[in-house]
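Here's the structure, in structure tokens; my notes come after.
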Amino acid sequence: MLEVGTKAPSFKLKDQNGKIRKLSDFKGQKIILYFYPKDMTSGCSKQACGFAQLYPQFTQKDAVVIGVSKDSVASHKKFEEKFGLPFILLSDETLETIKAYDVWKEKNNYGKKTMGVVRSTYLIDEKGRIIKAFSNVKAAENPEQMLNQL
């Protein structure tokens, strides 16, 4: 995990609609930047639906929610449509941003070691500084946890 107080690494990624999004686009807003392993999986769907359900409360607090995974733009679009997700999903197929945020780690899956995204969430302030960092978050609890952090 990156240290609280450090400048959040910039990124330039395509969202679920193919639009290029940069960290600097959100200057002046708090950002909930969450990294998740895979679209359409049980845990990731619970987490995304939790953020969707609480989305009006995030916007009331002038916070933007952004999900990031290594899935394709097309996969993100299907994920958005299936669950009616009102927030941005960014595609990082090259893993550049995922690695910059230090969430690409070795995982132990039924005794087999693999590399993958560790479910993690950063709260970034209006000036682009990391003010909270959570690793190995519980998918179903993370949206409420982040709302409480605001």
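Every number in this text was worked out from the coordinates using simple rules, so none of it is lab data. On a predicted model such as this, the values are computed, not experimentally measured, just so you know. Every residue, glycine as well, gets a Cβ built from its backbone with ideal geometry; the counts of neighbours run over all protein chains shown.
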For R129, which sequence-distant residues (separation of 5 or more, or a different chain) have an amide H within less than 5 Å of its own amide H, given hydrogens modelled in the peptide plane? A8
Which of E80, E3, E93 has the fewest Cβ neighbours within 10 Å, and the rest in rising order: E3, E93, E80
First check a/c for the stretch 23-71, with a ≥ b ≥ c the square roots of the eigenvalues of its C-alpha gyration tensor; if it is under 1.5, answer rounded, and if not, answer prolate when a/b is larger than b/c or oblate otherwise. oblate
Restricting attention to the alpha-carbon atoms of the chain, what are Rg (one decimal) and Dmax (integer), both in Å? 14.1, 44
Ordered by residue, what ³J(HN,Hα) values in Hz, to whole numbers, does the stretch 106-114 give under the Karplus form 6.51 cos²θ - 1.76 cosθ + 1.60, where θ = phi - 60° and Gly and Pro are x? 6, 10, 10, 10, 6, x, 9, 8, 9
Among G111, V73, T121, the residue whose Cα sits farthest towards the positive end of the charge dipole of the stretch 61-123 (+1 at Cβ of Lys and Arg, -1 at Cβ of Asp and Glu, taken about the Cα centre) is G111
Whole-Hz ³J(HN,Hα) for each residue in the stretch 81-96, computed from phi via Karplus 6.51 cos²θ - 1.76 cosθ + 1.60 with θ = phi - 60°, x for glycine and proline: what do you get? 5, 4, 10, x, 6, x, 10, 7, 10, 9, 9, 10, 5, 7, 6, 4
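So for the chain, averaging the separation of alpha carbon pairs under 8 Å that are six or more residues apart and normalising by length, what relative contact order in percent results? Show your work: numbers first, answer last.
Values: 302 pairs, mean separation 51.3, N = 150.
RCO, the chain: 34 percent.
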Counting helices only, and only those DSSP H runs with n ≥ 4, report the 222 nm mean residue ellipticity of the chain as the sum of -39,500 (n - 2.57) divided by its residues, in deg cm²/dmol to the nearest 500. -8500 deg cm²/dmol
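Rounded to the nearest 20 Debye, what is the dipole magnitude of the stretch 25-149 about its Cα centre when Lys and Arg each give +1 and Asp and Glu each give -1 at the C-beta? Before the final figure, lay out each step's value.
Details: 19 positive and 15 negative charges, 77 e Å.
It comes to approximately 380 debye.
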Just want the answer: with Cβ charges of +1 for Lys and Arg and -1 for Asp and Glu, which residue in F134, V64, I32 is farthest toward the dipole's positive end in the chain? F134
For the table K22/K107; K38/K132; K22/K113; K30/K112; K70/K112; K46/K105, the rows whose alpha-carbon distance is greater than 31 Å are K22/K113; K30/K112
Calculated from backbone phi, Karplus (6.51, -1.76, 1.60) coupling profile of the stretch 36-47 in Hz, x at Gly/Pro: 9, x, 7, 4, 6, 7, 4, x, 5, 5, 4, 5
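Just want the ordering: D71, D62, from fewest to most Cβ atoms lying within 10 Å of their own Cβ.
Working: D71 24, D62 11.
Arranged by neighbour count, lowest to highest, D71, D62 become D62, D71.
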Packing-based exposure ordering (other Cβ within 10 Å, fewest first) of Y34, Y55, Y110: Y110, Y55, Y34
Which residues qualify? For K70, with a placed amide H closer than 5 Å and at least 5 residues away or on another chain, they are D92
